[in-house]
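Enquirer: Starting off with a structure, shown below.
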Amino acid sequence: QVLLVESGGGLAQAGESLRLSCTASGGTFSFGSVGWFRQAPGKEREFVAAMSWSGDKKRYGESVKGRFTIFRDNVLNTVYLQMSVLRPEDTAVYYCATRRGDFPTAIVTPYEYWGPGTPVTVSS
């Protein structure tokens with residue numbers, strides 16, 4: 001059983017940056033790919049970013065390309081989402097998730113383990 005916990009969410013103004021962290025316990029991220037998703041009130045869960053187990057494949061949602069970066073620290077067993085040039089439309093609860101398999105899919109259902117989420121609010 002892999003337990004994931006996100007942190008780093010909070011309040012930001014448009015144009016500012018935040019860094020989210022996702023730490024795994026009870027296991028590691030080494031067995032699969034990791035993804036970040038977000039869900040705004042009244043909306044479906046949306047793909048943000050994902051990376052492969054090896055770290056050589058990364059993909060991003062269209063709305064965050066060029067502004068967000070996913071990376072990991074294997075020593076700390078933590079995956080990060082660096083968010084820059086934040087916009088009010090980035091406001092959501094952000095979730096990290098992991099799955100067996102190297103391909104960093106953008107689809108929600110293959111991910112087996114999810115964190116409880118961390119809220120991000122961006123004001124204009």
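The values are calculated or read from the model by the stated rules, or taken from the named source; none is laboratory data. These numbers come from a predicted model, not from an experiment. Because the Cβ atoms are built from the backbone with ideal geometry, glycine has one as well, and the counts that use them run over all protein chains shown. To get the accessible areas, we keep the full protein, side chains included, count just its heavy atoms, and leave off ligands, DNA and RNA. Shrake-Rupley method; radii C 1.70, N 1.55, O 1.52, S 1.80 Å.
Enquirer: Return the distance in nm (one decimal) between the two label points of a simple spin-label model at residue 85 and residue 13, each offset 7 Å from Cα along Cα→Cβ.
Expert: 1.9 nm
Enquirer: Among the aspartates and glutamates, select those whose C-alpha is under 13 Å from the C-alpha of residue 65, and discard any that sit fewer than 8 residues away in the same chain.
Expert: 90
Enquirer: Further, regarding this structure: Which residue, 81, 11, 20, has the most motion in a Gaussian network model of the chain that connects Cα atoms within less than 10 Å?
Expert: 11
Enquirer: For the range 110-116, what does the Karplus curve 6.51 cos²θ - 1.76 cosθ + 1.60, with θ = phi - 60°, yield as ³J(HN,Hα) per residue in whole Hz, taken in order and with x for Gly and Pro?
Expert: x, 6, 9, 10, 10, x, x
Enquirer: Here's a follow-up. Rolling a 1.4 Å sphere over the protein heavy atoms, what is the accessible area per residue of the range 34-124, to the nearest Å²? Intermediate results must be reported in sequence, preceding the final value.
Expert: Details: 4500 Å² over 91 residues.
Per-residue accessible area for the range 34-124 comes out at 49 Å².
Enquirer: Would you list which aspartates and glutamates come within 18 Å of residue 58, measuring only between C-alpha atoms, while excluding same-chain residues fewer than 8 positions from it?
Expert: Cα-Cα hits under 18 Å: 46, 73, 102.
Enquirer: Keeping the other protein chains in place, figure out the carbon and sulfur percent of the accessible area of the chain, with a 1.4 Å probe.
Expert: Working: 3320 of 6120 Å².
Solvent-exposed carbon and sulfur of the chain make up 54 percent of the total.
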